[in-house]
Amino acid sequence: MSKKILPLVLGAAMGVAATTAAGATTLEDVKAKGFIQCGVSQGLPGFSNPDAQGNWTGLDVDLCRAMAAAVFGDASAVKFTPLSAKERFTALQSGEVDVLSRNTTWTMSRDTQLGLNFAGVNYYDGQGFMVRKDLGVTSALELSGASVCTNTGTTTELNVADFFRANNMPYEIVAFEKADEVVGAYDAGRCDVYTTDASGLYAQRLKLTNPGDHIVLSEIISKEPLGPVVRQGDDEWFNVAKWTLNAMINAEELGVTSANVDEMKSSDNPSVKRLLGTEGAFGEAIGLSNDWAYNIVKNVGNYEESFNANVGPDTPLGISRGVNALWNKGGFMYAPPVR
Ligand SMILES: N[C@@H](CCC(=O)N[C@@H](CS)C(=O)NCC(=O)O)C(=O)O
C-alpha cells in the first residue's frame, strides 16, 4: 500500500491525473481487486452501522453498495473500513479507502486543501444540541456556562466555538476522538450538552440509557451538507461516485424503484430510458456498462427507498424527509439529468 501513497498524493497536489504506482486509476484498481473499499463511521445508526455479524447498513453504506452495483452489478462487492472523524481524510488520501461515505460535511477547506473532492450531498444536515430534559433548558441561548461533549476532528468543534463566542456565552468543551466515548461521557453526566449533526443526535440518542430523558433543542446552528468524498485528480472515479448518487436521486424523481425497475425497462419515458440504459450509452461514457443505474436501483433502490429504510419515519431514527425531500416536493434534493 505504501508504494501507492506517494503517486496518489503527489498527483493530487500537482493537479495531474492520480494513478496508483502501477499506473492504474481507482476504477481500474477497484475492478482488478473485485471490490470497493469504503470508509465509514465506527457505528452511527441509520448512516453506517454494523450488526452483530458485522453486516453494515445505512444511508452512507447504501451509497457504497450502490457504487459497487454500478461497477460490478453486485452491491455486495464492497468492504467497509470504520474510521473516526480524525482518521477519515488521511485514510482516503493514502489510498487505504477508495471512497469516504461517512457523514462528512462538505466545506471549502476540505474540498480544496486536502486533495479531495466531494461528489455531492446525500443528506442535508445542520448542527444541533441535545440536553437532559431535567436541565429545564428550551433554547440553546440558555446554555451559557455549559459543558459540551463532542467529537474531535469535526466541523462540530469549530461551529460550537463560533456559536458560544458569537453569543458571548462561556462554555467548556469536552472532546473525544471516538463517538462512543462522547455518548458514554454525556450519558454519564460528564457534560450538560451533546452537540453534533442533528441526524447524529437522533442516531446517538438511541444508545443512551434512557433516550426518552433527552431532548434535541430546536436551534440548528450550521449548514452540514453531508456527502461522499473521493481523491482529487481522478475524474473517472469522481464521475462514478457523483453519478451513482445522481442516479439514486433521479430514479426517485422518475418513480423507478427496486420493485418496478424491470417493468420500467420497457418504459417509453425518454428520461427513464436514458437512466436505465435502454437508450444511449451513458454508462460506457463513465467506464461502466450501460445498465449501471439499473443495477443500482435493482440491488440497492432509489434515494427514497434508502432514506426510508435507514433513517425515515418508520425507523428508530424517525427522521422526516424535510429538506432532504426532492426539489419538486419542497426539499433540496436535485440531481442533474442523465442526457
Ligand atoms: N459532519 C461532521 C461531524 C461528523 C462526525 O464525525 N460526527 C460524529 C458524531 S455523530 C460521528 O460520526 N460519530 C460516529 C462515529 O465516529 O462512528 C463532520 O464532517 O465533521
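The values are calculated or read from the model by the stated rules, or taken from the named source; none is laboratory data. Quick caveat: nothing in here was measured; it's all calculated off a predicted structure. Note that we place each Cβ from the backbone using ideal geometry, even for glycine, and neighbour counts take in every protein chain shown.
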task: Could you grab the pairs with beta carbons closer than 6 Å, sequence gap of 6+ or different chains, first residue in segment 52-77 and within 19 Å of Gln204 (Cα to Cα) and part of a loop (DSSP other than H, G, I, E, B), second one of a type in the set (Ser, Thr, Tyr) and modelled with pLDDT of 95 or more?
output: Gly58/Ser48
- request: Go through segment 196-214 and give me each residue that's near the ligand (Cβ under 9 Å from one of its atoms) and under 23 Å from Gly145 (Cα atoms).
  value: Thr196, Asp197, Leu201
field: Unique residue being within 23 Å of the chain's Cα centre (by Cα) and at pLDDT 95 or above when the list is Pro225, Pro270
entry: Pro225
- request: Select from segment 119-139 the residues that are farther than 17 Å from Ser199 by Cβ and either touching a strand residue (DSSP E or B) at 6+ places or on another chain (Cβ under 9 Å) or not assigned by TED's automatic domain parsing to the domain that holds Gln204 (or both) and list them in ascending order.
  value: Ala119, Val131, Arg132, Lys133, Leu135, Val137, Thr138
message: Pairs please, first residue from segment 315-330 and within 20 Å of Gly227 (Cβ to Cβ) and touching a residue at least 24 places away in the same chain (Cβ under 8 Å), second anywhere and among the hydroxyl-bearing types (Ser, Thr, Tyr) and assigned to a loop (DSSP other than H, G, I, E, B), Cβ atoms under 8 Å, 6+ apart in sequence or on different chains.
response: Leu326/Tyr334
field: Total residues in segment 1-42, condition at pLDDT 95 or above and at positive phi
entry: 1
statement: Among residues of segment 121-161 being more than 12 Å from the ligand (Cβ to nearest atom) and without any contact (Cβ under 8 Å) to a residue 12 or more places away in the chain, the residue surrounded by the most Cβ atoms within 10 Å (Cβ to Cβ) is Glu142
- line: Sole miss for Pro45 among (1) out of contact with any Asp or Glu (no Cβ under 8 Å at 6 or more places or on another chain); (2) modelled with pLDDT under 95 is condition (2)
message: Just to check your reading of the model, which residue among Asn260, Asn269 is exposed (fewer than 15 other Cβ atoms within 10 Å of the Cβ) and without any contact (Cβ under 8 Å) to a residue 12 or more places away in the chain?
response: Asn260
- line: Taking segment 77-107 and the residues there that are of a type in the set (Gly, Ala, Ser) and on the phi < 0 side of the Ramachandran plot, the one that is farthest from the ligand (Cβ to nearest atom) would be Ala77
- prompt: Is it the case that Asp235 is more than 16 Å from the chain's Cα centre (by Cα), assigned by TED's automatic domain parsing to the domain that holds Asn308, in contact (Cβ under 8 Å) with a residue 24 or more places away in the chain and surrounded by fewer than 16 Cβ atoms within 10 Å (Cβ to Cβ)?
  reply: yes
- request: For segment 128-167, name all the residues that are under 26 Å from Met108 (Cα atoms) and of a type in the set (S, T, N, Q).
  value: Thr150, Asn151, Thr152, Thr154, Thr155, Thr156, Asn159, Asn167
message: Would you confirm whether or not segment 176-186 contains a residue that is assigned to a loop (DSSP other than H, G, I, E, B) and assigned by TED's automatic domain parsing to the domain that holds Glu279?
response: no
